[in-house]
Structure formats: structure tokens, C-alpha cells
Amino acid sequence: MLKTRKSFFVLAVAALAVAALIEPALADRLADAIKSVPEGTGAGQINPQAEPGFLGIAGGPSVNLIIGFVWAIWVGWIFSTVGAFGGIMAGVGHITIYGFGNYASTFKKTSPVMNKLITDSIRVSNQWLVGTSAAMSSFNYYKMGRLVLPLGLSLAAGSIAGSYLVPWLTAGKISLKDYIGFFGLFVLFLGCYLFYETTPRGQKNKKQAKEAAKAFEASIQKEKEGGSVDTAAMGVKVVQFSLTKCVFTFYGVEFSFNPLIPVCGGFVIAALASFLGVGGGFLLVPFLTSVAGLPMYLVAGTSALAVLVGMTTSIFTYMVVKDTPVFWPLIGVELLGILVGSFIGPRTSKYIPDAWLKRLFVVLAFYVGIRYASKGFLGMSLLPPF
């Protein structure tokens, strides 16, 4: 079993590393974008005499790497805890906290080419963070018996086509304003849906998930009181698997699903996630709780595995096929923070009740959704930072 776990981890890290080891010919696209910007000291212009900043662009925003490291810890923790919002929170950092969004907006009229290049860079930078968190989270949850491997692989299989197709079709064609507006709208919709699931009506058909969550929480309480509990042994056990039916148990409760459904779902989710430049966990969580009927304790790990495959494909497409640049000094520091947060998340999530994990998802979805949808479609944010 230990050998299997090590092999799984090596494969996960190797998959993510593919995009890192291949040096894309990004200089041409970035150089062409810089040439398209008029020289000067005003907004939407580049002053060749200024200090290089973001992407090495003269006069580009300079980033405090300490802030980048701390924010990345939060990104890794939230994704590895609820299986979602890693890419979205990475987007909040890149768009708002570091100022890349406002910087891209200055080129809206003077150089649409630069505006769209920075937008693509933000999208793939988000995915670097969530992909790294997904690799570590998958491994940790697999060890804990809280990852439904057949379900995660089914979602991952469908995600490959969606993660390649959308970057190939949309890279260099999406403006920052459109990106932010749709980003917020999708998050808000998912927040509303998951909020419905926390109501008595939404909980009606969640009997199995509630039973499994209750059994898991009871074992954690016993562990707190000093009892000996082998949580990994009581974790996910696959009983039956075929092309049309998979049966598994978690803490004595039986679940089943048709693998063809998550394959189709994985394609749609990965396509939307690649368009928005996020991991797709905020779409996977409702899918796994509603369609698959899983308790939240199984969602984070299973979501992470599907996200890992989708992110690896999407990063490769953005950077190698579409020559999208990223700012490596910041990404390198952020990845260290992601590893720290992703190590902590799986070890703290077991102490948070299932219902509160869902509520945390809902609160974040409403905040992020309202803020970015209003900024994208109304031109102003209704929530801070304004």
C-alpha cells in the first residue's frame, strides 16, 4: 500500500512538472505585445527608462513577495480544506491584491493585445497555484482514505479535452472586463446553489452523505478523547467497478455512481474552469455533493485529483501551445506558500463539521461572486476592496 501511495504521489507531481520543464517560446508573444504599446509615462503607455516589474515590463507593478507567500498559504489552505476556491482566491490575489487587474485595464484602449496577454497570464498563474495544491492535497487525502479514486479519475478523464480545447480557442481573445464579469457570475451562481443544498429541502435526498459524515465526525470525536481510531482503514473502499457502475464504502456507508456521468461532467467543468482561469473546484464541489451525493469529507480529495489533471493540461496549453508568459519570481514564492497551506488543510479539515465546510464555501462564493460580477458588468465593485 505504501508503495502504491508513493507511486501515486510521484505520478501526480510528474504530471504537474511537465508544464514547468518545457520552456515555452513566450518571448515572441510578450515582445510583440510590448511593441504594440505606445511609449510614454501616462496610463496605458510604457516608459522604457522605468524599472522592470510584472513580466519584466518596464514600469510594471512591483510585487511584495512576502505578501505573495502569505496569500498563497491561504490559497493552499482553502483549496485543500473544501476542494474549491483555490483558483478563485489566487485570482483575487493576482487581480486585486497585486494590482495586475488594474494594470491590464490601463491598456484597454492603447493596446488590447497587451490587455489580453496580461489577462491570459493571470489565468495561467492562478492555475499554477491550484495545480500545485491539487497535487499535494490528492496525495494527503489518498493516504487518509478520503479520496474516491475511480470517481476522481473519471472526472479527470473528461477534463483533459475541456482543459485543452478552451485555452486553445480563447487565449488572446478575452478582455479583462469580460473575464472578471463572467468569473464573478459563475461563482455567485454556484454559491446560490450550494446555499440551497444547506436548506432542509436541499438536504432531503442526502441521507447517505449525512450518515457517513456523522460516522466520520464520531470517530474524530473519539480520537479527540484519546481513543485509538484507524481512520484510513475505515476510509474509502472500492467494492465494485465497471464501465457503468462503481460501488464503494466510506465509514460503513455504501455509495454508487455511473462512471460515464462524471466523465461528461468533467469535460464541462474543465472547459468552464479553463475559460475562467481557475481550478474548477467551485464547480466540482456542487457536482460531487449533488450528483454523486458525497459528504464534504470526501469532496476535497476527490476534487483535487480531478483538478490536478485538468490544470496540468490547461497550463501546458496556455504556456506551450499559446505562448502565455508568467512572472516566475512571484510564482516561485507562491508555490512555496501553496505547499505550506496544502499540508495544513487536510489535517485541520477533519475538525470542521460537514455543515460548516459547506457554509464556508457559500460565504466565500457570495463575496467573490458579487464583488467580481459587479466590477465586470457594472464597472464598480459593490464590496470591498472597491
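The values are calculated or read from the model by the stated rules, or taken from the named source; none is laboratory data. From a predicted model like this one, the values you see are computed outputs, not experimental measurements. Neighbour counts run over all protein chains shown; Cβ positions are idealised from the backbone, glycine included. Surface accessibility is based on the protein's heavy atoms, side chains included, excluding ligands, DNA and RNA. Shrake-Rupley method; radii C 1.70, N 1.55, O 1.52, S 1.80 Å.
Identification of strands (runs of 3 or more DSSP E) wholly contained in the range 188-257 with 3 or more residues that are surrounded by 15 or more Cβ atoms within 10 Å (Cβ to Cβ) yields 246-250, 253-257. From the list Ala135, Ala84, the one residue that fits, being in a loop (DSSP other than H, G, I, E, B), touching a Leu at 6+ places or on another chain (Cβ under 9 Å) and open to solvent by less than 10 Å² (accessible area, probe 1.4 Å), is Ala84.
For the range 357-375, the set of residues classified as charged (D, E, K, R) and open to solvent by 10 Å² or more (accessible area, probe 1.4 Å) consists of Lys358, Arg359, Lys375, listed by residue number. Selection of the range 327-356 for residues being within 26 Å of Leu190 (Cβ to Cβ), of a type in the set (A, V, I, L, M) and surrounded by fewer than 22 Cβ atoms within 10 Å (Cβ to Cβ) yields Ile344, Ile352, Ala355.
Taken over the range 272-328, the criterion of being touching a strand residue (DSSP E or B) at 6+ places or on another chain (Cβ under 9 Å) and not in a helix (DSSP H, G or I) is satisfied by Ala292, Gly293, Leu294, Pro295. Taken over the range 91-132, residues that are hydrophobic (A, V, I, L, M, F, W, C), over 22 Å from Leu298 (Cα atoms), in a helix (DSSP H, G or I) and modelled with pLDDT of 90 or more amount to 10. Quick check on the range 62-76. Is at least one of its residues part of a helix (DSSP H, G or I), within 14 Å of the chain's Cα centre (by Cα), among the β-branched types (Val, Ile, Thr) and crowded, with 24+ Cβ neighbours inside 10 Å? Yes, there is a match, as at least one residue in the range 62-76 is part of a helix (DSSP H, G or I), within 14 Å of the chain's Cα centre (by Cα), among the β-branched types (Val, Ile, Thr) and crowded, with 24+ Cβ neighbours inside 10 Å.
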